[in-house]
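**Student:** Dropping a structure here in structure tokens format, bear with me for questions.
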Amino acid sequence: MGCLGNSKTPEDQGVDEKERREANKKIEKQLQKERLAYKATHRLLLLGAGESGKSTIVKQMRILHVNGFNPEEKKQKILDIRKNVKDAIVTIVSAMSTIIPPVPLANPENQFRSDYIKSIAPITDFEYSQEFFDHVKKLWDDEGVKACFERSNEYQLIDCAQ
């Protein structure tokens with residue numbers, strides 16, 4: 001049977017202890033910096049029902065105080081806006097025939113535009129062409145579409161539709 005012992009000399013043990021103390025000091029300094037940064041951070045709890053504007057407030061604060069959006073976020077917002085335009089016009093045009101009493105197009109010449117909008121409704125990776133935006137603009141100018149929009153309380157329409 002052998003005897004277990006420490007092979008380090010007292011000088012080596014002193015060096016190890018010194019290194020541990022220095023590492024501990026660095027860690028403590030880093031923790032102190034993080035505590036100060038955490039205390040300096042302002043936190044805000046936003047409560048509210050869906051579609052009440054909570055995320056809008058956060059976005060506005062970011063635009064005003066954090067130099068806005070980066071180019072990638074801007075591209076994503078453009079895509080979101082285009083999708084909202086498509087969803088809104090599809091919903092309105094579809095609702096024109098389903099609400100009671102139905103709302104006809106004021107200008108019957110816009111029927112092909114309405115048919116075009118209904119035909120692109122199921123397409124998920126839709127290419128937003130100038131033709132699409134022209135049809136949307138002409139339909140939005142139609143008094144029948146405006147009348148249907150005014151009755152949006154009778155069907156589900158996204159809040160940002162106008």
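**Student:** Filter segment 11-58 down to the residues that are acidic (Asp, Glu) and on the phi > 0 side of the Ramachandran plot and list them by number.
**Tutor:** The answer is Glu51, and nothing else.
**Student:** Now for a separate question. Within the set of pairs 6+ apart or on separate chains, which have a first residue in segment 40-52 that is farther than 18 Å from Arg62 by Cα and modelled with pLDDT under 90, a second that is surrounded by 10 or more Cβ atoms within 10 Å (Cβ to Cβ) and not aromatic (Phe, Trp, Tyr), and C-beta atoms under 8 Å apart?
**Tutor:** Gly48/Lys54; Glu51/Asp159
**Student:** Anything in segment 82-126 that is at pLDDT below 90 and of a type in the set (D, E, K, R)? List them, or say none.
**Tutor:** Within segment 82-126, Asp125 is the sole residue that qualifies.
The values are calculated or read from the model by the stated rules, or taken from the named source; none is laboratory data. Only a predicted model underlies this, so the values are computations on that prediction, with no experimental measurement involved. All Cβ positions, glycine included, derive from the backbone under ideal geometry; neighbour counts span all protein chains shown.
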